[in-house]
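**Q** Here you go, one structure.
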């Protein structure tokens with residue numbers, strides 16, 4: 001499943017429109033609408049926030065399409081839609097804001113970079129990584145040229161590009177970017193600033209994924225200490241770090257240490273956005289995974305279902321977090337022998353990943369393996385075999401023919417062939433797996 005340890009992506013400044021108190025009543029009303037909309041969004045009153053943002057935008061449009069406050073207002077509404085997984089609506093607004101800024105300010109203006117960054121974050125959420133990477137790089141180039149290589153906006157761009165590389169499992173590319181962003185924030189803001197905590201969290205996630213647990217743990221703890229000292233333990237980023245540290249402990253089998261961290265993170269999410277806050281869904285799923293790992297299926301199942309209901313309400317299940325929860329719930333049913341309940345969930349996960357990532361992505365191979373294993377348990381060998389073949393092919397293409405994961409896939413395929421009575425073919429797969437392991441052991 002996709003880990004709950006998610007790096008924090010930083011959007012551009014959404015409220016660049018904080019003007020001095022305007023002389024006319026209409027401008028004053030606009031400012032009040034924007035402030036009220038921001039407060040409503042922060043408190044989880046999303047429908048009210050949407051209405052207020054739209055009202056404010058309509059007022060600005062009366063001043064003409066070139067009003068400098070309009071791009072920021074459009075971006076604020078777009079960010080609301082992005083957070084609610086309403087990607088098509090968000091994209092149209094971000095593009096409109098970008099077009100206005102390019103026309104009125106020129107293609108190399110820092111505020112153009114802000115719009116590029118925001119649109120890149122959206123594409124990143126949608127797993128349109130090639131498009132996101134190009135925009136992140138363009139934003140970085142503009143900020144470095146106009147603001148200097150040690151500017152805070154440059155650190156934001158470095159951070160976001162690093163998160164993209166991390167999501168693509170390119171940790172070798174992500175780590176130096178994370179370190180550079182951290183150095184900028186520490187130098188500019190001081191070692192105890194909350195932004196430094198965010199950067200520490202993101203670098204810790206890279207180490208976490210590389211199984212460098214001894215390096216990751218103190219970074220998570222330092223980030224939490226910064227937020228604690230700053231009185232900011234009720235913010236979403238602190239919740240994300242609590243969740244990530246919980247994941248670290250769960251991975252190491254330290255279940256007693258993990259559980260209170262998940263629960264504390266969940267309480268923060270719920271307080272920030274109410275009991276239906278979609279950002280709480282990932283932590284609910286992580287807590288469910290903790291219980292499932294311990295065989296506490298009765299406790300795990302309702303948490304998965306609640307998380308999925310929240311994602312469904314927020315915009316659908318075609319997102320990585322929801323796919324992970326669907327997969328875990330399917331695995332839970334498989335473990336319990338509830339094959340009829342497991343199969344549609346695992347098929348849906350596979351469809352979501354193939355659509356969002358492409359048919360040859362490594363995450364697709366994981367879903368194929370899970371579905372093949374289910375068919376194996378059911379004795380549906382003819383349905384499992386083509387799935388195992390795809391898993392081997394995907395991993396060979398992405399990782400190379402001599403990677404340990406290819407050997408593991410060959411072993412799983414061989415086990416199926418033996419169960420299906422195809423002994424000769426099974427021996428061929430086992431021989432290929434042994435050859436990989438022997439070669440790597442030299």
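Coordinate-derived values only; no laboratory data. Worth saying up front: this structure is predicted, and the values here are computed from it rather than measured. Heads up, the Cβs are rebuilt from the backbone with ideal geometry, glycines too, and the neighbour counts pull from every protein chain shown.
**Q** Of 34, 310, 233, how do they rank once you tally other Cβ atoms within 10 Å and put the fewest first?
**A** On the way: 34 25, 310 22, 233 15.
By the 10 Å Cβ count, ascending, the order reads 233, 310, 34.
**Q** Roughly what angle does helix 255-273 make with the longest principal axis of the chain, taking Cα atoms, 0 to 90 degrees, to the nearest 10?
**A** Here the helix axis deviates by roughly 30 degrees.
**Q** Could you tell me which of rounded, prolate or oblate describes the range 135-240, using a ≥ b ≥ c as the square roots of the eigenvalues of the alpha-carbon gyration tensor, with rounded for a/c under 1.5 and, failing that, prolate when a/b is larger than b/c and oblate otherwise? List each step's numbers first, then the result.
**A** On the way: a/c = 2.05, a/b = 1.22, b/c = 1.68.
Taking the square roots of the gyration eigenvalues as a ≥ b ≥ c, the range 135-240 is oblate.
**Q** Something else: Hey, what angle do you get for helix 236-251 against the long axis of the chain, alpha-carbon based, 0 to 90 degrees rounded to 10?
**A** Helix 236-251 sits roughly 10 degrees off the main axis of the chain.
**Q** Also: Give me the percent relative contact order of the chain, please, defined on Cα pairs under 8 angstrom at least 6 residues apart.
**A** Working: 610 pairs, mean separation 44.7, N = 442.
The value is 10 percent.
**Q** By the gyration tensor of its Cα atoms, with a ≥ b ≥ c the square roots of the eigenvalues, what is the shape of the range 233-357: rounded for a/c under 1.5, prolate for a/b over b/c, or oblate? Please list the in-between numbers first.
**A** Values: a/c = 1.92, a/b = 1.28, b/c = 1.50.
Oblate shape, in that a/c is at least 1.5 and b/c is the bigger or equal ratio.
**Q** So, one more: Please give the length that would be gained between residue 152 and residue 425 if that part of the chain were fully extended, namely 0.36 nm times their separation in residues minus their C-alpha to C-alpha distance (nm, one decimal). Intermediate values should be presented prior to the final figure.
**A** Details: separation 273, 0.36 × 273 = 98.28 nm, distance 5.84 nm.
My answer for the length gained is 92.4 nm.
**Q** As an exercise, use a Förster radius of 25 Å and the Cβ-Cβ distance of residue 360 and residue 403 to find the FRET efficiency, rounded to the nearest 0.05. Can you show the working numbers first?
**A** Numbers: r = 15 Å, r/R0 = 0.60.
Calculated value: 0.95.
**Q** Here's a follow-up. Taking a ≥ b ≥ c as the square roots of the Cα gyration tensor eigenvalues, with a/c under 1.5 meaning rounded and otherwise prolate when a/b beats b/c, else oblate, which class fits the range 76-134? Display every interim value, and only then the final one.
**A** Values: a/c = 2.50, a/b = 1.45, b/c = 1.72.
Verdict is oblate for the range 76-134.
**Q** Turning to a different aspect of this structure: Can you sort 59, 43 by how many other beta carbons sit within 10 Å, fewest first? Could the numbers behind the result be given before it?
**A** Numbers: 59 18, 43 13.
By the 10 Å Cβ count, ascending: 43, 59.
**Q** Let me ask something additional. Relative to the longest principal axis of the chain, what angle (0 to 90°, nearest 10) does the C-alpha long axis of helix 25-42 take?
**A** Around 20 degrees separate the two axes.
**Q** Also, quick follow-up: In what order do 151, 201 fall by count of nearby beta-carbon atoms within 10 Å, going from fewest to most? Don't skip to the end; give the middle numbers.
**A** Values: 151 16, 201 29.
Ranking 151, 201 by Cβ neighbours within 10 Å, fewest first, gives 151, 201.
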